[in-house]
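The values are calculated or read from the model by the stated rules, or taken from the named source; none is laboratory data. Everything numeric in this text was worked out from a predicted model, so none of it was measured. Counting neighbours? That spans all protein chains shown, and the Cβs are built from the backbone with ideal geometry, glycine included. Accessible surface is based on the protein model in full, side chains and every heavy atom, while ligands, DNA and RNA are left aside. Shrake-Rupley method; radii C 1.70, N 1.55, O 1.52, S 1.80 Å.
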Amino acid sequence: MVKPFDSHAHLYDEAYDADRAQVLAESARELSGLIIPGADLASSHQAVELAQMYGNVYAAVGFHPHEARLMREGDEDMLAESAKDKKVVAIGEIGLDYYYDHSPRETQKAVFIRQLGLARQLGLPVVIHDRDAHGDILAIMQKEGRGVSGVFHCYSGSWEMAELLLKMGFYLSFGGSLTFKNAAKTVKVAQNTPIDRILLETDAPYLTPVPWRGRRNSPCLVKLVCAKLAALKGLSFEETAGVTAANTCALFNILPGLEQG
Ligand code: NI
């Protein structure tokens with residue numbers, strides 16, 4: 001049985017305070033792997049700690065655009081220190097969010113560019129969050145993203161932008177929003193994107209796939225995203241799970257089947 005890989009879930013979130021160990025154990029058992037991306041220094045440290053508990057659970061460290069205003073002068077060094085842990089497979093999640101604007105846009109851009117530099121310096125891929133900031137993200141990636149590989153998580157842009165990103169070598173990741181009724185634009189992108197450039201994710205505890213939309217999300221529900229992508233691509237569940245898990249391992253330099261504990 002080929003198991004899907006959840007490339008993006010925030011298991012340190014307070015939504016799991018009551019049953020985190022159980023959700024983590026179930027995810028480690030039911031999935032081929034799981035990556036927990038940080039959003040600031042504290043959650044990045046928590047992500048690394050959780051990753052250390054299971055061989056197939058990994059972490060990314062970084063400042064989310066919401067928290068960009070909190071990144072201080074020496075924090076790159078703190079992230080670099082965390083990234084020495086062999087369970088840290090990426091810098092993330094980083095990027096721009098012009099929907100919520102929790103941090104000033106100029107700060108978001110500066111912090112994003114600093115962390116792209118950090119990823120290049122450390123030789124790690126990046127996990128990118130882009131909400132309503134497609135133009136600026138593309139401009140920054142074209143200028144500052146040279147030599148950095150990565151994934152656009154919960155991809156929400158146009159097919160035109162997706163084509164450019166795919167040409168630049170990036171992967172696109174799809175989550176529960178692929179199953180939503182109003183997902184026509186994302187469905188079109190997923191249909192057009194070659195399967196060998198797609199990752200699956202949940203973004204748990206958010207974006208719970210249909211039919212559980214509205215409830216708390218959990219990594220195991222990546223199976224519903226996998227089933228939806230399989231239907232869109234006319235592939236079996238097994239093949240879709242296998243190819244997208246292999247893509248995840250290729251991008252993040254994870255040795256499939258060899259648990260790095
Ligand atoms: Ni996220």
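Summary of values
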{"quantity": "Residue check, F63 over 20 Å from L199 (Cα atoms), of a type in the set (A, V, I, L, M, F, W, C) and surrounded by 19 or more Cβ atoms within 10 Å (Cβ to Cβ)", "calculated": "yes"}
{"quantity": "Filter result for L235 (open to solvent by 20 Å² or more (accessible area, probe 1.4 Å) and more than 18 Å from E30 (Cβ to Cβ))", "calculated": "yes"}
{"quantity": "The one condition in (1) under 22 Å from A246 (Cα atoms); (2) open to solvent by less than 40 Å² (accessible area, probe 1.4 Å); (3) polar (S, T, N, Q) that S149 fails to fulfil", "calculated": "(2)"}
{"quantity": "Candidates E26, E93, E76 - the one that is open to solvent by less than 70 Å² (accessible area, probe 1.4 Å), away from the ligand (no atom under 15 Å from the Cβ) and not in a loop (DSSP other than H, G, I, E, B)", "calculated": "E76"}
{"quantity": "The one condition in (1) in a loop (DSSP other than H, G, I, E, B); (2) away from the ligand (no atom under 16 Å from the Cβ) that R69 fails to fulfil", "calculated": "(1)"}
{"quantity": "Qualifying residue in region 196-212 (condition: under 21 Å from A133 (Cα atoms) and part of a helix (DSSP H, G or I))", "calculated": "no"}
{"quantity": "Of all residues making up region 6-23, the number that are within 16 Å of the ligand (Cβ to nearest atom) and of a type in the set (D, E, K, R)", "calculated": "3"}
{"quantity": "Residue, most open to solvent (accessible area, probe 1.4 Å), within region 196-229, restricted to residues that are more than 15 Å from the ligand (Cβ to nearest atom) and in contact (Cβ under 8 Å) with a residue 60 or more places away in the chain", "calculated": "K223"}
{"quantity": "Hey, Y54 over 13 Å from R114 (Cβ atoms) and buried (at least 21 other Cβ atoms within 10 Å of the Cβ) or not", "calculated": "no"}
{"quantity": "Criterion: more than 16 Å from the ligand (Cβ to nearest atom) and either surrounded by fewer than 20 Cβ atoms within 10 Å (Cβ to Cβ) or among the hydrophobic types (A, V, I, L, M, F, W, C) (or both) - qualifying residue of D101, D132", "calculated": "D101"}
